[in-house]
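Chemist: Pasting in a structure now, in structure tokens, and then I'll have a few things to ask.
The values are calculated or read from the model by the stated rules, or taken from the named source; none is laboratory data. As the structure is a prediction and not an experimental result, all values here were calculated from the model. Cβ: placed from backbone, ideal geometry, glycine included. Neighbour counts: every protein chain shown. Heads up: the accessible areas ignore ligands, DNA and RNA and are worked out on the full protein's heavy atoms, side chains in. Shrake-Rupley method; radii C 1.70, N 1.55, O 1.52, S 1.80 Å.
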Amino acid sequence: MARAVAINVGANTTLPGFRGPVLPDRRFAYVPIPEREPTAEPVPTYGDLAVPLGVDVSDVADRRVHLDPEFAGIYGSTAYTYGDEHGVKAGPLSALAPGDSLFFYATLSLRGDPEAAPDLPPEWGAYLIGEFRVERAVTGETYRDLPPAERERFASNAHCKRADFDAKVLVAGGDDSRLFERAVPLSDPEAGATAGPLVTDLSADSGKGPWWRRVLRYDADATGRLRAAVDDAGP
């Protein structure tokens, strides 16, 4: 039975200093964080990205981006990969098996009239923005020992482009992975910092404190219900 993990990704008020937007109809822009490490090959800048919804990146146009996760067809990517250098995430991510789900969520700022979006938090909130149906997950140590042909599966990942490879885990998504067309709220409509039922009822997290920064874990039953909730949210 499939399980799921959900992790926080994307632009925030610390890096690069703003969140991506979400509109009252739940269309949103996935904006990656900046690249902070030297790279062995060129990586795009914010100015190179065709960010949707008219997001103004002029203040950071020259900054390089850490395009991770990458979604095929988005910002020039042709694969679904994710890497992470933090041990707190590496453990649950490296335990994912083929067919499990890796969900990505981001904190997004509401753009538009809050009265037109009564089901969304009025200022900012945490939203599911995409899902990998896991094809393979490997630890950084395992990756180093893979034959070249197998390492190629992760070649486009941002951590593999760094001058010093530092990922503690790498995850590849299958062809049924996707960046959602509409964001799915994890926050309660009353306030972004208040966890909604997809967190409190389905995940193993208490929903207390800064839950939107934590790894959210879902057992097999909860994963089925979470996938159904995403499907019910529509395109």
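Chemist: Obtain the nm distance between the two label points defined at residue 58 and residue 15 by a simple spin-label model: each point lies 7 Å from its Cα along the Cα-to-C-beta direction.
Modeler: 2.7 nm
Chemist: Given springs between every Cα pair under 10 Å in a Gaussian network model of the chain, which of 122, 147, 185 has the largest fluctuation?
Modeler: The residue with the greatest mean-square fluctuation here is 147.
Chemist: Moving on. At a 1.4 Å probe radius, carbon and sulfur cover how many percent of the accessible area of the range 67-134?
Modeler: Details: 1250 of 2380 Å².
C and S atoms contribute 53 percent here.
Chemist: Cα centroid distance between the range 44-72 and the range 126-203, in Å?
Modeler: Using only Cα atoms to place each centre, the spacing works out to 18 Å.
Chemist: At 1.4 Å probe size, with every protein chain present, just tell me what the per residue accessible area of the range 42-104 comes to in Å².
Modeler: 42 Å²
Chemist: Right, something else. Which lysines, if any, have their Cα less than 23 Å from the Cα of residue 208, not counting same-chain residues under 8 positions apart?
Modeler: 89
Chemist: Of 78, 45, 194, which has the largest mean-square fluctuation in a 10 Å C-alpha GNM of the chain?
Modeler: 78
Chemist: Right, here's the next one. Using a ≥ b ≥ c from the Cα gyration tensor of the range 92-164 (square roots of the eigenvalues), is it rounded, prolate or oblate, where a/c under 1.5 gives rounded and otherwise the larger of a/b and b/c decides, a/b for prolate?
Modeler: Values: a/c = 3.90, a/b = 2.48, b/c = 1.57.
Prolate, because a/c is 1.5 or more and a/b exceeds b/c.
Chemist: Run through the range 158-216 and list the trypsin sites (Lys or Arg not before Pro) located in a DSSP loop whose Cβ has at most 15 other Cβ atoms within 10 Å.
Modeler: Counting only loop positions with at most 15 other Cβ atoms within 10 Å, the trypsin sites (Lys or Arg not before Pro) in the range 158-216 are 208.
Chemist: Ok, one more. For a paramagnetic label modelled at 7 Å from the Cα of residue 115 toward its Cβ, which residues of the range 184-200 fall within the zone defined by backbone nitrogen distances under 20 Å?
Modeler: Within reach of a label on residue 115, which here means backbone N under 20 Å from a point 7 Å along Cα→Cβ, the range 184-200 contributes 189-191.
Chemist: Can you figure out the FRET efficiency of residue 97 with residue 181, using R₀ = 30 Å and their beta-carbon distance, to the nearest 0.05?
Modeler: Working: r = 27 Å, r/R0 = 0.91.
Using R0 = 30 Å, I get an efficiency of 0.65.
Chemist: Another question, if that's okay. Where does the longest stretch of the chain lie that holds no GluC sites (Glu not before Pro) found in a DSSP loop with 14 or fewer other Cβ atoms within 10 Å?
Modeler: Between exposed loop sites, the widest span is 1-122.
Chemist: Let me ask another. When the dipole is taken about the Cα centre of the range 102-170, and only Lys, Arg (+1) and Asp, Glu (-1) are charged at their Cβ, what size is it in debye, to the nearest 20? Walk me through the numbers on the way to the answer.
Modeler: On the way: 9 positive and 12 negative charges, 79 e Å.
That gives the range 102-170 a dipole magnitude of about 380 debye.
Chemist: Given a 10 angstrom Cα cut-off, can you work out which residue in 193, 50, 183 is the most mobile in a GNM of the chain?
Modeler: Its mean-square fluctuation being the largest, the pick is 50.
Chemist: So, in nm, how far is label residue 231 from label residue 78 when the simple model puts each one 7 Å beyond its Cα toward the Cβ?
Modeler: 3.2 nm
Chemist: Return the FRET efficiency for the residue pair residue 200, residue 1: r is the Cβ-Cβ distance, R0 is 22 Å, and the value is rounded to the nearest 0.05.
Modeler: The value I calculate is 0.50.
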